[in-house]
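S.K.: What follows is a single structure, and I will ask about it in a moment.
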There are 2 protein chains.
Amino acid sequence: MARHAIGLDFGTNSCRALLVDVSTGRELADHIFPYPSGDAGIIIDSSDPNLARQNPADYLLGIETAIKGAIQKGKEADPKFSCESIIGIGVDTTGSSPMPVDEFGQALCFREKLKNNPAAMVWLWKDHTSYKEAAQITELASAIRPQYLSKIGGIYSSEWWWSKILRCKNTAKEVYDAAASWVEICDWIPAVLTGELSPGKLKRSVCAAGHKAMFNRAWQGLPDQEFLDKLSPGLGSLRDRLYDTAYTADQRAGLLSAEWAQRLGLSPSTAVAVGAFDAHMGAVGAGIVPGRLVKIIGTSTCDIMIHPNNEALQDIPGVCGIVDGSVMDGYYGIEAGQSGVGDIFLWFVNNLVPEKYGRTQAEQFASLEKACATLRPGESGLLALDWNNGNRTILVDARLSGLLIGQSLHTQPHEIYRALLESTGFGALAIIDRIEEYGVPVKEVVNCGGLAVKNPLLMQIYADITGRPMKISRSEQAPALGAAVFAAVAAGVEAGGYGSIHAAQNAMVGFGKEYRPIPENHKIYRQLYALYGQLYNGFGTRRWSGRMDNVMKKLLDIRDEVRVSGLDSTYSMEK
Amino acid sequence: MARHAIGLDFGTNSCRALLVDVSTGRELADHIFPYPSGDAGIIIDSSDPNLARQNPADYLLGIETAIKGAIQKGKEADPKFSCESIIGIGVDTTGSSPMPVDEFGQALCFREKLKNNPAAMVWLWKDHTSYKEAAQITELASAIRPQYLSKIGGIYSSEWWWSKILRCKNTAKEVYDAAASWVEICDWIPAVLTGELSPGKLKRSVCAAGHKAMFNRAWQGLPDQEFLDKLSPGLGSLRDRLYDTAYTADQRAGLLSAEWAQRLGLSPSTAVAVGAFDAHMGAVGAGIVPGRLVKIIGTSTCDIMIHPNNEALQDIPGVCGIVDGSVMDGYYGIEAGQSGVGDIFLWFVNNLVPEKYGRTQAEQFASLEKACATLRPGESGLLALDWNNGNRTILVDARLSGLLIGQSLHTQPHEIYRALLESTGFGALAIIDRIEEYGVPVKEVVNCGGLAVKNPLLMQIYADITGRPMKISRSEQAPALGAAVFAAVAAGVEAGGYGSIHAAQNAMVGFGKEYRPIPENHKIYRQLYALYGQLYNGFGTRRWSGRMDNVMKKLLDIRDEVRVSGLDSTYSMEK
């Protein structure tokens, strides 16, 4: 009899349940649930563009709707499929997306009194209201606990746990005081499913803890009380209401609670794996091995590498997370990422593309891509920085912004669109360069996420810019597949699952297309990348000083040369 | 009996005839003729965005259509009006817009063989194909004839006469060889009207000659033959086929030819004034006096000042034209300008504004302006450089490009639109600062051109940025009115005209609205202008060297401060 696992993936705008055959990795069915609250699932504040929150009630509705939907579709796809074959559920979420909870582990915003208070909701990863708090944490840790920063790239981010909690304490005292504890969403969802919501007992993910909460065995878990109290008097007392142990996601959080088993029509013996962040589970679902960078491309991008934990690995400045076990047991997980990728393309299409490119967003994307594909690298004379949402890795700075240079009176929307695609490719290469510089070779890249599949031009541009082959994950839902892989391991061999992540990956994971770099394009992109680097260092770092008057002229020179040479930009794709 | 004059204004996309009552300045009627050729009157080349040419046949059709149209409308507007009351015609045009002609003064592109050859057409001012030739002229003159550069700001431009002619020689030998002479359009139109087209006899404008062809009495007219031959062997022989005398526009080019008198239904005793560039005649039509800068705002902008020629005036680096008599006899004319103003706004609206802002261009401009007007200075966090079409004054460099900085994922089209409006205001202030720095005070500004009348927000922004009152010219057609002023003087007192430009201005010119700077806005703009200056010097000059990492952060700081403070941005307009 076939065995199945469910991967539950909680994204920025929706959640998804993926039903996977454990023996083959075949994806029987999936179902998406768009979050009903706010603006595409995000609670925003027109007076503060930094604010981004989420309503946890959306998640509860999402678990039920998405799993039931996937099961229903699974039954339609395969008449032999039945719910008894489901041996485990794995959960991945965005992060760091912490939420204040009461002593029972329930969301504070479920209370009548705090119902419409954004501070009592989930502080979504992309909430940047706490940029000042992040700077304060960096400053204090630099001064008195430099070891805290050494594994997170040297700069604490406003996207992370402590910045957000401190911001809440500073600006929403009533919420902070009402919180018995705080929980990452990747820990809260498995806790909900197992019924073990008590903040002191629910199992916390080492992935979330290590990356975002500065949790490390070297200093007995979370940052010490003295440090927290120096950050803000009284914050130290929260430490004891958090956790002192963290788990890898191949561990079980528990079994499905009777209540949820009944609601979902599943067996109460279904294993629920410890949660982790989407990128880390996505890396597993995309087939991560040493030397292979996995790039999960969505609204933002996460880049994941692994490195055996029995080999030396130095700290990598600006690379935000090096955590033992964050991706899988036995390896350091290395996490990097770009704060805006798909989000930047969406912003452009939603705001700055006229209807002559199509009436719907999908039509506009299609005709922009078509128009773009006829352009050669450098032909538009444009260059952009991919910082509309800040820079997560290497600069770790939310107080940055977009930049576009090279506009003439003839510049067309699709030229700007291509410059934005390219800017994210240059950003990707900057990260690869940094990781290699510190002794971790990046031989090839596996891309996953919607854009990797839907945007061949983007993949070709990435291959041309980085000079490396771009593989595409066979699964279009690598994070959900990764979650299913962890579910299969958490369920165990005796239930028809696996004894290790490697074994589960071998059975369940594969690759699709591959894009090869075109040498002539790579040559032009080397020149553009040098200019990108100049703008990057100039606008993004304190150490750069110099002249900028070469930039516009060099862009025009490259443009003129490309227009004369008539280089071809056909795709170089292999199946 | 009333006397009338006609101002003929040849712009970048159309020409216009304005029928003016000589005693009062009342504008009886005007008629516009959009040039039928090319893209909105401009011959372009999709493979070379620098190319911009014009078909002189459009001008001939334009003279007839516009004048007849204005006369027809004049008769409808005032039954007492008759053609006999027209005493003169004045002509202003874009420039430097030279054209190769045969020995009869006819356009070479009228010949069958060269009909579709863009090199045989008018090389429009905004044609930048000759940027390399311009650099070569600057280099050679710096080395052996520094005096040639001292009155034109130190850098010769690709917008000017010799660059374009040299470019033609370098790239279209068959056209260059076929040219008996070259003529500025502002000289060719009066020549056409008088019938005296012979290149050796038609009267050349000192305005065009002095600014663009480096004509100066101090070196006996045009640059010497040795210099021209060093630029390009053989170019020197063209000198004798050009001119050695140049005239102010209060002089007569001649009387209307019998042929044109008949075609237009006018008297053959109608005076035709010597031509000049649109900005210089516009300055007269807008009421120029010492201390008052006249800003003619169109696709690009010209800034004109005058300074008595019996007072010392030092050279102003980067200010492209200081010519005795170019605006009016007895004064140095000082010409500066911005290469792209209305053109940048048009580019943005035509390319990057979705239909939710309106279905027509006019609707889009209206709703952008409405949405913009609710924004406070600094609120968008955006800053732009106004260099989409290069920088004419102070940098005198066509090899520059646009720059936009500060984009987030929330940036809206109207925010970018406002940043573009502001960028042209900062560019305007940079010019004012430079002129004042060299001893010519700029106490107030008179604005004319369509944007000055149609865009109150732009005018308020200019007042707020520059900290100076912005007057609006009473006439919406200052260049055409200026041409009519010159026509009235060229006709002479005996015909019912005037004996001096001042006398004609006193009778015919006035002001409309005035915008006063709002101190709080000016304060914020001082901060933004400092950042604009940093980008300006950084990307535009060789002498700047330094850090750029403050720019994005300072923009965010200003944005955050403005959003918190809730400053009001109401207009401060006085009638």
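The values are calculated or read from the model by the stated rules, or taken from the named source; none is laboratory data. This structure is a prediction, so every number in the text was calculated from the model and none was measured. Because the Cβ atoms are built from the backbone with ideal geometry, glycine has one as well, and the counts that use them run over all protein chains shown.
S.K.: Would you check which residues across region A:169-191 are among the hydrophobic types (A, V, I, L, M, F, W, C), surrounded by 24 or more Cβ atoms within 10 Å (Cβ to Cβ) and assigned to a helix (DSSP H, G or I) and list them?
M.R.: Matches in region A:169-191: A:185, A:186, A:188, A:189, A:191.
S.K.: Follow-up. Hey, among the residues in region B:376-401 that are within 30 Å of residue A:40 (Cβ to Cβ) and out of contact with any Phe, Trp or Tyr (no Cβ under 9 Å at 6 or more places or on another chain), which one's farthest from the other protein chains (Cβ to nearest Cβ)?
M.R.: B:376
S.K.: List pairs: first in region B:179-192 and at pLDDT 95 or above, second among the acidic types (Asp, Glu), Cβ under 8 Å, 6+ apart or cross-chain?
M.R.: What qualifies is B:179/B:102; B:180/B:102; B:180/B:103; B:181/B:103; B:186/B:92.
S.K.: Filter region A:1-43 down to residues that are farther than 17 Å from residue A:185 by Cα and hydrophobic (A, V, I, L, M, F, W, C), then give me how many there are.
M.R.: Summing the residues that are farther than 17 Å from residue A:185 by Cα and hydrophobic (A, V, I, L, M, F, W, C) in region A:1-43 gives 12.
S.K.: Restricting to region A:142-164, what's the tally of residues that are in contact with a Phe, Trp or Tyr (Cβ under 6 Å, 6 or more places away or on another chain), at pLDDT 95 or above and surrounded by 24 or more Cβ atoms within 10 Å (Cβ to Cβ)?
M.R.: Within region A:142-164, residues that are in contact with a Phe, Trp or Tyr (Cβ under 6 Å, 6 or more places away or on another chain), at pLDDT 95 or above and surrounded by 24 or more Cβ atoms within 10 Å (Cβ to Cβ) number 1.
S.K.: Sort out which residues of region B:366-413 are among the charged types (D, E, K, R) and more than 30 Å from the chain's Cα centre (by Cα), and write them in order of number.
M.R.: Answer for region B:366-413, where residues must be among the charged types (D, E, K, R) and more than 30 Å from the chain's Cα centre (by Cα): B:376, B:379.
S.K.: I'd like to know if region A:365-375 contains one or more residues that are facing another protein chain (nearest Cβ under 9 Å) and modelled with pLDDT of 95 or more.
M.R.: Checking region A:365-375: not a single residue is facing another protein chain (nearest Cβ under 9 Å) and modelled with pLDDT of 95 or more.
S.K.: Anything in region B:246-290 that is assigned to a loop (DSSP other than H, G, I, E, B), β-branched (Val, Ile, Thr), touching a residue at least 24 places away in the same chain (Cβ under 8 Å) and outside the structural domain of residue B:489 (by TED's automatic domain parsing)? List them, or say none.
M.R.: B:288, the sole residue that qualifies.
S.K.: Would you confirm, using the coordinates I've provided, whether residue A:415 is surrounded by 24 or more Cβ atoms within 10 Å (Cβ to Cβ), at pLDDT 95 or above and under 22 Å from residue A:527 (Cβ atoms)?
M.R.: no
S.K.: Another one. Hey, can you tell me all the residues within region A:536-550 that are in a loop (DSSP other than H, G, I, E, B), at the interface with chain B (Cβ under 7 Å from one of its Cβ atoms) and either more than 12 Å from residue B:539 (Cα to Cα) or in contact with a Ser or Thr (Cβ under 8 Å, 6 or more places away or on another chain) (or both)?
M.R.: A:541, A:542, A:544, A:545, A:547, A:549
S.K.: For region B:402-431, how many residues are within 8 Å of chain A (Cβ to nearest Cβ) and either among the small types (Gly, Ala, Ser) or touching a strand residue (DSSP E or B) at 6+ places or on another chain (Cβ under 6 Å) (or both)?
M.R.: Here the count works out to 9.
S.K.: Which members of region B:1-43 meet the condition of being closer than 19 Å to residue B:114 by Cα and in contact with a strand residue (DSSP E or B) (Cβ under 6 Å, 6 or more places away or on another chain)?
M.R.: Hits for region B:1-43 are B:42, B:43.
S.K.: Condition first: surrounded by fewer than 19 Cβ atoms within 10 Å (Cβ to Cβ) and either on the phi > 0 side of the Ramachandran plot or more than 26 Å from the chain's Cα centre (by Cα) (or both). Now tell me which residues in region B:355-365 satisfy that.
M.R.: Residues satisfying the conditions are B:355, B:356, B:358, B:359, B:360, B:363.
S.K.: Provide a single number: the residues in region B:432-451 that are in contact with a Gly (Cβ under 9 Å, 6 or more places away or on another chain) and under 25 Å from residue B:349 (Cβ atoms).
M.R.: Summing the residues that are in contact with a Gly (Cβ under 9 Å, 6 or more places away or on another chain) and under 25 Å from residue B:349 (Cβ atoms) in region B:432-451 gives 4.
S.K.: List the number of the failed condition for residue B:336; all other conditions in (1) within 14 Å of another protein chain (Cβ to nearest Cβ); (2) under 22 Å from residue B:426 (Cβ atoms) hold.
M.R.: All conditions are met except number (1).
Yes/no matrix, rows are residues, columns are (1) part of a loop (DSSP other than H, G, I, E, B); (2) of a type in the set (A, V, I, L, M, F, W, C); (3) more than 19 Å from the chain's Cα centre (by Cα):
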| site | (1), (2), (3) |
| --- | --- |
| B:64 | no, no, yes |
| B:67 | no, yes, yes |
| B:80 | yes, no, yes |
| B:96 | yes, no, no |
| B:99 | no, yes, no |
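Yes or no, residue by residue, for (1) modelled with pLDDT of 95 or more; (2) out of contact with any Pro (no Cβ under 9 Å at 6 or more places or on another chain); (3) more than 14 Å from chain B (Cβ to nearest Cβ):
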site: A:486; (1), (2), (3): yes, yes, yes
site: A:503; (1), (2), (3): yes, yes, yes
site: A:556; (1), (2), (3): yes, yes, no
site: A:571; (1), (2), (3): no, no, yes
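S.K.: I need the full set of residues from region B:140-175 which are within 17 Å of residue B:225 (Cα to Cα) and not small (Gly, Ala, Ser), in order please.
M.R.: Result: B:140, B:144, B:145, B:146, B:147, B:148, B:149, B:161, B:162, B:165, B:166, B:169.
S.K.: Can you pull out every residue in region B:57-95 that is farther than 18 Å from residue B:263 by Cα, surrounded by fewer than 24 Cβ atoms within 10 Å (Cβ to Cβ) and in contact (Cβ under 8 Å) with a residue 12 or more places away in the chain?
M.R.: Across region B:57-95, the qualifying residues are B:76, B:77, B:78, B:80, B:81.
S.K.: Would you please list the contacts, defined by Cβ atoms under 6 Å and residues six or more apart or on different chains, that run from a residue in region A:298-315 that is without any contact (Cβ under 8 Å) to a residue 12 or more places away in the chain to a residue that is among the aromatic types (Phe, Trp, Tyr) and assigned to a strand (DSSP E or B)?
M.R.: Sorted first by the residue in region A:298-315, then by its partner, the list stays empty.
S.K.: Can you tell me which residues in region A:6-36 are within 18 Å of the chain's Cα centre (by Cα), part of a loop (DSSP other than H, G, I, E, B) and of a type in the set (Gly, Ala, Ser)?
M.R.: A:11
S.K.: Using the structure shown, decide if residue B:438 is at pLDDT below 95, away from every other protein chain (no Cβ under 14 Å) and more than 30 Å from residue B:272 (Cβ to Cβ).
M.R.: yes
S.K.: Here is a further query. If a residue must be part of a strand (DSSP E or B) and either crowded, with 21+ Cβ neighbours inside 10 Å or modelled with pLDDT under 95 (or both), how many such residues does region A:45-56 contain?
M.R.: Adding up the residues that qualify gives 7.
S.K.: If residue B:488 passes every condition in (1) in contact with a Lys or Arg (Cβ under 9 Å, 6 or more places away or on another chain); (2) in a loop (DSSP other than H, G, I, E, B) but one, which one does it miss?
M.R.: The failed condition is (2).
S.K.: I've got another one for you. Could you check, for region B:513-522, whether at least one of its residues is crowded, with 19+ Cβ neighbours inside 10 Å, within 14 Å of another protein chain (Cβ to nearest Cβ) and of a type in the set (A, V, I, L, M, F, W, C)?
M.R.: Looking for residues that are crowded, with 19+ Cβ neighbours inside 10 Å, within 14 Å of another protein chain (Cβ to nearest Cβ) and of a type in the set (A, V, I, L, M, F, W, C), one finds none in region B:513-522, hence no.
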